[in-house]
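Written below as structure tokens is the structure these notes are about.
Any read-out appearing in this document is the output of simple, stated calculations on the displayed coordinates, not a laboratory observation. Here the structure is a predicted model, which means the values were calculated and not measured. Cβ placement follows ideal geometry from the backbone for every residue including glycine, while neighbour counts extend to all protein chains displayed.
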Amino acid sequence: MMLAEIVSYILIVATIVAAAAATQVRDITRAIVAFTIMNIMVAAMFYVLGAPYIAAFQLLVYAGAVTVLFLAAIHTMRRR
């Protein structure tokens with residue numbers, strides 16, 4: 001087995017665990033952190049598969065912008 005295959009399997013398992021945590025955690029801030037970790041793992045999978053531009057797009061848009069948008073929305077809703 002090549003090293004890239006082993007890394008791919010580890011990333012797949014980590015992504016599934018983070019996705020499950022993002023949907024099952026009760027605290028919304030921890031769910032957003034799990035969502036961010038999941039998106040970082042997806043970007044790492046793209047990079048291992050040989051698609052660095054898609055990995056950069058995944059990091060910038062999903063792990064960056066969407067996570068910040070979620071956090072901003074949650075923190076503005078908590079203020080009353």
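Structure notes:
- Lone qualifier among Ala43, Ala22, Ala72 - being out of contact with any Leu (no Cβ under 8 Å at 6 or more places or on another chain) and surrounded by 14 or more Cβ atoms within 10 Å (Cβ to Cβ): Ala22
- Residues being farther than 30 Å from Met2 by Cα and over 16 Å from the mean Cα position of the chain (by Cα) - total across the stretch 36-80: 9
- Condition met for Ala18 (assigned to a helix (DSSP H, G or I), within 11 Å of the chain's Cα centre (by Cα) and among the small types (Gly, Ala, Ser)): yes
- Among the residues of the stretch 29-53, those identified as touching a residue at least 24 places away in the same chain (Cβ under 8 Å) and either among the small types (Gly, Ala, Ser) or closer than 12 Å to Leu71 by Cβ (or both) are Thr29, Ile32, Phe35, Thr36, Ala44.
- If you go through the stretch 1-13 and keep only what is surrounded by fewer than 17 Cβ atoms within 10 Å (Cβ to Cβ) and without any contact (Cβ under 8 Å) to a residue 40 or more places away in the chain, you end up with Met1, Met2, Leu3, Glu5, Ile6, Tyr9, Ile10, Ile12, Val13.
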